[in-house]
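First comes the structure, then the notes that go with it.
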Amino acid sequence: MQKSISAAETSKSVLLETNLNLVDFYSSKGILFLGAGTVGEEVFRSGARWIGPDAPGDGTVLSMFHGEKNEVSFRAARALLNKTQAQVAEAANLTVDVVKGLESEARARGPHQALKEWYQHEGVEFTGWGNVSTGKFYGVGVRWMSGRP
């Protein structure tokens, strides 16, 4: 299974069966794929997020879901853009160490906001919401903003 997943992530010509196996693998880990489209047409607003309740207070038991410490996933945003940490650092006018730190949950207010705004300028929408009682964020992920593939 690992070998076919690796091939599916790096190869341009992947069999449908391998793609379905890859979707099943990530879904089993708690990832929900996002997007809107019809058969034979391009998918719009594609992305991925952790499976979780859509909003606070819907009566769902939060302990059933994966919670994040931060409200955004810069690592997922970088993956959506298919860029290296160095490319993001240069384009966002930050150092590679700052980008690495923000991806590993270090929180510096100024750089955090600057990087978040840069990703949004590039067309990335961050998903998720926070819960004060647990101190965690649910449904954290990324997708393309409206009007983007």
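Using only the Cα atoms of the stretch 34-117, build the gyration tensor, take square roots of its eigenvalues as a ≥ b ≥ c, and label the shape rounded, prolate or oblate: rounded if a/c is under 1.5, else prolate if a/b is larger than b/c, else oblate. Spell out each step's value before the answer.
Values: a/c = 2.83, a/b = 1.27, b/c = 2.23.
The shape class here is oblate.
Please compute the net charge surrounding VAL96, taking Lys and Arg as +1 and Asp and Glu as -1 over other residues with Cβ under 11 Å from its Cβ. Don't jump to the answer; show the numbers that get you there.
Details: positive: LYS100; negative: GLU90, ASP97, GLU103.
In short, -2.
Could you please state how large a percent of the accessible area of the stretch 44-133 is carbon and sulfur, counting protein chains only and using a 1.4 Å probe?
The computed percentage sits at 50.
Name the trypsin sites (Lys or Arg not before Pro) in the stretch 42-86 that are in a loop by DSSP and that have at most 10 other C-beta atoms within 10 Å, would you?
Details: sites: ARG45, ARG49, LYS69, ARG75, ARG78, LYS83; in loops: LYS69, LYS83.
Those that pass, being in a loop and sparsely packed, are LYS69.
With an 8 Å cut-off on Cα pairs and a minimum separation of 6 or more residues, tell me the relative contact order of the stretch 44-149 in percent. Please list the in-between numbers first.
Numbers: 154 pairs, mean separation 48.6, N = 106.
That works out to 46 percent.
So, in Å, what gap is there between the alpha-carbon centers of the stretch 90-126 and the stretch 25-65?
Each part's Cα centre sits 23 Å from the other's.
With the Cα gyration tensor of the stretch 109-149 giving a ≥ b ≥ c as the square roots of its eigenvalues, does the rule (a/c under 1.5 for rounded; else a/b larger than b/c for prolate; else oblate) give rounded, prolate or oblate? Walk me through the numbers on the way to the answer.
On the way: a/c = 4.24, a/b = 1.42, b/c = 2.99.
Oblate, since a/c reaches 1.5 and b/c is not below a/b.
For the stretch 18-74, what class follows from the C-alpha gyration tensor (a ≥ b ≥ c being the square roots of its eigenvalues): rounded when a/c is under 1.5, otherwise prolate if a/b is larger than b/c, else oblate? Don't skip to the answer; put the middle values down first.
On the way: a/c = 2.03, a/b = 1.67, b/c = 1.21.
Prolate, because a/c is 1.5 or more and a/b exceeds b/c.
Under a Cβ-Cβ cut-off of 13 Å, what is the net charge of the residues other than HIS66 that fall near it, where Lys and Arg count +1 and Asp and Glu count -1? Before the final figure, lay out each step's value.
Working: positive: LYS29, ARG49, LYS69, LYS136; negative: GLU68.
Neighbourhood net charge equals +3.
The values are calculated or read from the model by the stated rules, or taken from the named source; none is laboratory data. Because the structure is predicted, anything quoted here is derived from the model rather than measured. Methodologically, a virtual Cβ is constructed for each residue, glycine included, from the backbone with ideal geometry; neighbour enumeration extends over all protein chains shown. Side chains included, ligands, DNA and RNA excluded: accessible areas come from the protein's heavy atoms. Shrake-Rupley method; radii C 1.70, N 1.55, O 1.52, S 1.80 Å.
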